[in-house]
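Notes to accompany the following structure.
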Amino acid sequence: MNKIFFPVIFLLLFTTATVVKSQNLIEGDVNNGKDLFKKNCTACHSIDLKKKMVGPALYGITKKRNREWLHKWIKDNKSLRNSGDKEAIKIYKEYQGIEMNSFAQLSSKQIDDILSFIKDEKLEKNKKDKEEDKDKENINIIEEKNFLIKLFILFLIIIFIIIIWILYKVLILYKLLFKDNVFFPKKDLFIKIIYENFLRKNLRNWYFLLLFLITFAIFNIYLIWNFLMKIDVNKGYEPKQPIYFSHKIHSGINKIDCLYCHSNAKYGKVSGIPSANICMNCHITINEYNGDYIEKGKSREEYNNEIKKIYYAIGWDEKKMKYTGKIHPIKWIRIHNMPDFVYFDHSQHIISGNKSIKKFKKVETVCNACHGEVNEMNQIKMSEDFTMGWCISCHRNIEFDKDNKYYKEYFLKNNKNNTEKNTIDKIGGTECAKCHY
C-alpha cells in the first residue's frame with residue numbers, strides 16, 4: 001500500500017507545483033507590451049520604470065508580486081481592495097488614497113505583454129548602453145568644442161599675420177612715394193576727369209541741368225520708397241526665446257499636430273500661445289529627453305534643462321510630484337504680429353481655405369503655407385515677409401473651395417456662365433474693407 005501511496009502523493013505535489021509555477025510564469029510580447037504601457041500607463045508611471053511619479057516605480061515589480069495578483073490589481077484594483085487584500089490596501093494608503101484606474105478592457109494576454117515589458121532582462125542592459133552612449137556623446141561634444149577653439153585661435157593668428165603683412169607693404173609704398181617726390185592729387189582722379197570733361201562744359205545748358213536734377217530726384221525717391229516699404233518687414237526674424245523649444249522634435253519627429261498646441265487657430269482669429277499646462281500634458285511624465293535626434297551644438301543635458309524651466313514656470317515639484325503654487329509666467333517673444341489696422345482670421349483660412357491653399361502652395365499642412373516648414377525648424381522664425389502685396393498675390397491666384405455651401409448657394413448659382421478661375425479676388429478678396437476696418 002505504501003509503495004503505491006507515496007508515489008501518488010509525490011506526483012500530486014509535483015503536478016500542483018508545476019501548475020502554480022505555470023500560473024506565475026509571465027510570458028508575453030515585450031514590444032507589444034511597451035506600446036500598451038505607453039498608451040495606458042505613462043500618465044502615472046515612468047517609461048524607464050525606475051522613477052517614482054504619480055504611481056510607484058515598476059522596475060522589479062514582477063519579482064515582488066505574483067502574476068495572479070498583478071492581473072487582479074491591473075484589471076480591477078478596487079475589487080481587490082474590497083476583498084480585504086492587505087497588500088492592495090497598503091498600497092492604496094501609501095499613495096494617500098489615490099485610486100489607480102481599472103483596466104478591465106485589457107485581456108490577460110495584453111496584461112502579460114505589459115508585465116513582460118516590465119520584467120524584460122534587456123532593460124537594464126539598454127539603460128547602461130544609453131548611459132554609455134550619453135558619456136560618449138558628452139566626450140564628443142567636449143572634443144568638438146576644443147577643436148573649434150583651436151581652429152578659432154589659428155584663424156586669429158592667420159588674420160594677425162595678414163594685417164602685419166599689409167601694414168608692412170603700405171609702409172614700404174609710403175616711403176617709396178615720398179622718396180621720389182610723387183605728386184598726390186587732392187581730389188580723386190576719377191571724379192576730377194568726370195568734372196573737367198563732362199560736367200563743367202554742360203552745366204551751363206539749362207536742359208542738361210534739369211535732366212540731371214530730375215534723375216537725381218527720381219533716384220532718391222526710389223531709395224526713400226524702398227526704405228519705407230521695408231519698415232516692419234521682418235522676414236527671417238528669429239529671436240531667442242526664454243525656453244528653447246524645437247518644433248522639429250515636437251512637430252516633425254514626434255508628429256504632434258499644430259492644432260494640439262495652437263488650438264485657437266481652427267475656430268478663432270488668433271492662433272494663440274500655448275499655456276504651460278499644454279506642455280505639462282506630456283512633460284508631467286517626460287522629465288528628460290531620450291530621443292535620438294540632437295541638434296548640432298547641443299546636448300541632452302541642455303534639452304533636459306529646458307524641461308526644468310517649464311517645471312519652474314508652472315510651479316511643479318518634480319520630486320514630490322505636485323504643484324507648489326509658485327508660478328513664474330514665461331515671457332515668450334512674439335514673432336508673427338500683424339499691425340492693428342490689419343484684420344486676419346486664422347479660422348477662415350484653416351477651415352474654408354484648407355484644400356485650396358494646400359493645393360496652390362504645395363504644402364502638407366495649411367500652416368506651412370504662411371509659416372514655412374515649421375516641422376523642420378529647430379527654432380521658429382518668420383519665413384515670409386507678410387506684406388500686403390504678398391497677401392493679395394494669394395487672393396488673386398488661389399481658388400475658393402467650390403464645395404463650401406456658402407459659395408455653392410451664393411456665388412456659383414449667380415455666375416453660371418463664369419469661365420474664369422474662381423479665385424478669391426472674384427468674391428471681394430482684394431477689397432480694402434475685407435482686411436482694413
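Throughout, read-outs are computed from the coordinates displayed, never taken from laboratory work. Remember, predicted model here, so these are calculated numbers, not experimental data. Heads up, the Cβs are rebuilt from the backbone with ideal geometry, glycines too, and the neighbour counts pull from every protein chain shown.
Pairs from the list 39/309; 235/402; 72/109; 39/109 with a Cα-Cα gap above 24 Å: 39/309; 235/402.
Taking amide H atoms as placed 1.01 Å from N in the peptide plane, the amide H of residue 316 lies under 5 Å from those of 324, each 5 or more residues away in sequence or on another chain.
Work out the length of the dipole vector of region 247-323 about its Cα centre, built from +1 on the beta-carbon of each Lys and Arg and -1 on the beta-carbon of each Asp and Glu, and round it to the nearest 20 debye. Write down the numbers at each step before the final one.
Details: 12 positive and 9 negative charges, 43 e Å.
Around 200 debye, computed over region 247-323.
Report note on the peptides 258-264, 288-294: ranked by the mean count of other C-beta atoms within 10 Å, highest first, their order is 258-264, 288-294. Packing around the peptides 377-389, 154-166, 90-102, taken as the average count of other Cβ atoms within 10 Å per residue, puts them in this order, highest first: 377-389, 90-102, 154-166. Pairs from the list 50/90; 50/93; 145/320; 331/359; 51/381; 38/331 with a Cα-Cα gap above 28 Å: 145/320; 331/359; 51/381; 38/331. Placing unit charges on the Cβ atoms of the charged side chains and taking the dipole of region 247-323 about its Cα centre, the candidate lying farthest along the positive direction among 259, 279, 323 is 259.
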